[in-house]
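J.: Here it is, the structure in full.
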Amino acid sequence: MANFVFQFTAAIAITLIANCALGAETAEAEGGTPAPRITRADLGRSYLRLEQVYFSNLPDEAEHIAGINKVFDKSTLAFFGGNFAGTLRVIDQLSAELLAGPSPELLAAMALHADFDPPVLTLDSDRKPQLNLRMLYDPETRSATSVRLTMQGLFNASLDINAENRLSNSSFDLSTLRDRLQPGIYELKANTKECEIVVARWIVVDRSLDEIRQDNEERLAKLHASTPAIEAAIAACKDRNELLTNSPSTEKSAQFNTDLNALASDVAIEIGTLEKGADPYRLRAGDYWRTVRSGDRSIPLRVFAPDKCQEVACPLIVALHGAGADENMFFQGYGAGRIKQLAEQHGAIVVTPSTYAMASNGDHFDALLTALAHDYDIDSRRVYVLGHSMGGGVAANLAATKSNQIARACCLAGYRVPKSEKMSPTLIIAAELDGVVAAAGLEKSAQKSVDIGLPVELRVMPNYGHTLMVGVALPEAIDWLFQSDATP
């Protein structure tokens, strides 16, 4: 383990010079050593970085847009094929090109995996914290690279690491920092001459999250539901409390993308409200994660409600993610969370439940609407559904089976012809260059639907592929949904 030399300056800085071939870990893997483990958090970080880069400065040349989308769809196919290293390499290469060009330093920074041990540090614990670094894949550069890592927090210190240390398979003792740490989130950022990117986050707490969760469980167990609304609120609060842990999962985005300090504070307030017999989610504005119960199943979802929802009945948009994603996809990906801004503009509540749950049983959709009606004044005649890819197919099915509840539906890069004679008006937006769900197939399905008398319209988005089309198509999709004021 490396030794640190400390100097107090304006930021925490860790300078790492990689003077050796960065591909050694991959070569070892080919020789029989297990390949580096790639987590859902690694994949999510890479994808969300691309979304942020792409949508912060949208390309305007058709040929450039088409090229990016074709390459990204290849990464999608690699993902579904289980080639996660290949997926990351393609996405990171795209991000690097969009940022400033794929220099060896920038590619090495993007391929870097950093984790803190423990992932959640309790200040009064005896654990000796350390930072572990490894490469997720070979960034295909053999030149010496210099990547400076900075950890931004609430104190000032400089950490100088011996320049002979490798960027990969290194561990660094952080014990000397303990006296200066305060509760909060610390971001580890890689700095190259082109830009700065977030590599990892470290959560520091003043009390064990496991202890907080257990204490909360005791308080929640004493609560008694006086109404169905309170019963649903207690269940949601219990599931939110379950996210509090000293070992957040790298496979569960509701944990690895959440500020657990803030969540602990919120849950404490929510329990206090429940103990007074009130619903803490009633007319709650803003963005938050929760669950709704349907039978014995707990369905995760994100909710965004504008301030307007506290004053008037609001329309509802139910957005369904594609395969491989989860309930957080629309609020953080798909145009870097653009759907929240659009919902605010239209004065609408938007919820993003697990598509897998909505696909498995139509009763789950009814349970979702019932639970939301406990907490918000929903304009029941203006309920809209949209979905991407697999979510588009589920949205089409709901538009047919729940046509008396859904005013309109929009299917992005996904659709299936329903087995029904009735259907809410539905718009399909296909992507011309889609390498996953071909536009030609969607055109045939749309025509088949029209031929049997269903109110289906098709539009084709030029130069776009399967996933990046969503963020660009959302304004058009939601404008189309709101052309209809109510269910017939």
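The values are calculated or read from the model by the stated rules, or taken from the named source; none is laboratory data. Predicted, not measured: the structure shown is a model, and the values here were computed from it. Every residue, glycine as well, gets a Cβ built from its backbone with ideal geometry; the counts of neighbours run over all protein chains shown.
J.: For the range 46-89, which positions are of a type in the set (Val, Ile, Thr), surrounded by fewer than 22 Cβ atoms within 10 Å (Cβ to Cβ) and without any contact (Cβ under 8 Å) to a residue 60 or more places away in the chain?
T.: Result: 53, 71.
J.: Just one of the numbered conditions (1) closer than 30 Å to residue 100 by Cβ; (2) assigned to a strand (DSSP E or B); (3) not aromatic (Phe, Trp, Tyr) is not true of residue 194; which one?
T.: Just one mismatch for residue 194, condition (2).
J.: Count, please, the residues in the range 107-141 that happen to be buried (at least 20 other Cβ atoms within 10 Å of the Cβ) and either without any contact (Cβ under 8 Å) to a residue 12 or more places away in the chain or within 22 Å of residue 70 (Cβ to Cβ) (or both).
T.: 4
J.: Is it true that some residue in the range 402-416 is surrounded by fewer than 20 Cβ atoms within 10 Å (Cβ to Cβ) and under 30 Å from residue 81 (Cβ atoms)?
T.: Checked the range 402-416: at least one residue is surrounded by fewer than 20 Cβ atoms within 10 Å (Cβ to Cβ) and under 30 Å from residue 81 (Cβ atoms).
J.: Is it true that residue 93 is touching a residue at least 24 places away in the same chain (Cβ under 8 Å) and either assigned by TED's automatic domain parsing to the domain that holds residue 171 or in a helix (DSSP H, G or I) (or both)?
T.: Judged against the criteria, residue 93 is not a match.
Every residue, every condition in (1) closer than 22 Å to residue 283 by Cβ; (2) buried (at least 24 other Cβ atoms within 10 Å of the Cβ); (3) in the same structural domain as residue 82 (by TED's automatic domain parsing), yes or no:
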| site | (1), (2), (3) |
| --- | --- |
| 340 | yes, no, no |
| 364 | no, no, no |
| 368 | yes, no, no |
| 376 | yes, no, no |
| 394 | no, yes, no |
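J.: Please note which helices (runs of 4 or more DSSP H) are completely contained in the range 204-312 and include at least 3 residues that are more than 19 Å from the chain's Cα centre (by Cα).
T.: The helices (runs of 4 or more DSSP H) meeting that bar are 209-221, 228-241, 260-275.
J.: Is it fair to say residue 370 is of a type outside the set (Gly, Ala, Ser) and either modelled with pLDDT under 95 or out of contact with any strand residue (DSSP E or B) (no Cβ under 6 Å at 6 or more places or on another chain) (or both)?
T.: Against the criterion (of a type outside the set (Gly, Ala, Ser) and either modelled with pLDDT under 95 or out of contact with any strand residue (DSSP E or B) (no Cβ under 6 Å at 6 or more places or on another chain) (or both)), residue 370 qualifies.
J.: Counting just the residues of the range 107-135 that are closer than 24 Å to residue 185 by Cβ and part of a helix (DSSP H, G or I), which one comes out modelled with the lowest pLDDT?
T.: 109
J.: If you take the residues in the range 440-471 that are closer than 27 Å to residue 91 by Cβ and surrounded by 22 or more Cβ atoms within 10 Å (Cβ to Cβ), which one is farthest from the chain's Cα centre (by Cα)?
T.: 442
J.: Can you tell which of 312, 267 is in the same structural domain as residue 466 (by TED's automatic domain parsing) and among the aliphatic types (A, V, I, L, M)? Give the derivation first.
T.: Numbers: 267 fails: in the same structural domain as residue 466 (by TED's automatic domain parsing).
Step by step, each of 312, 267 is checked, and only 312 is in the same structural domain as residue 466 (by TED's automatic domain parsing) and among the aliphatic types (A, V, I, L, M).
J.: Now for a different question. Please specify each residue of the range 348-400 satisfying the condition of being in contact with a Cys (Cβ under 9 Å, 6 or more places away or on another chain) and either part of a strand (DSSP E or B) or of a type in the set (Lys, Arg) (or both).
T.: 349, 378, 379, 382, 384, 385, 386, 387, 388
J.: Okay, moving on. Quick one: what pairs do we get from the range 437-460, first residue at pLDDT 95 or above, second loosely packed, with under 14 Cβ neighbours inside 10 Å and aliphatic (A, V, I, L, M), C-beta under 7 Å, 6+ apart or different chains?
T.: From the range 437-460, the pairs are 456/450.
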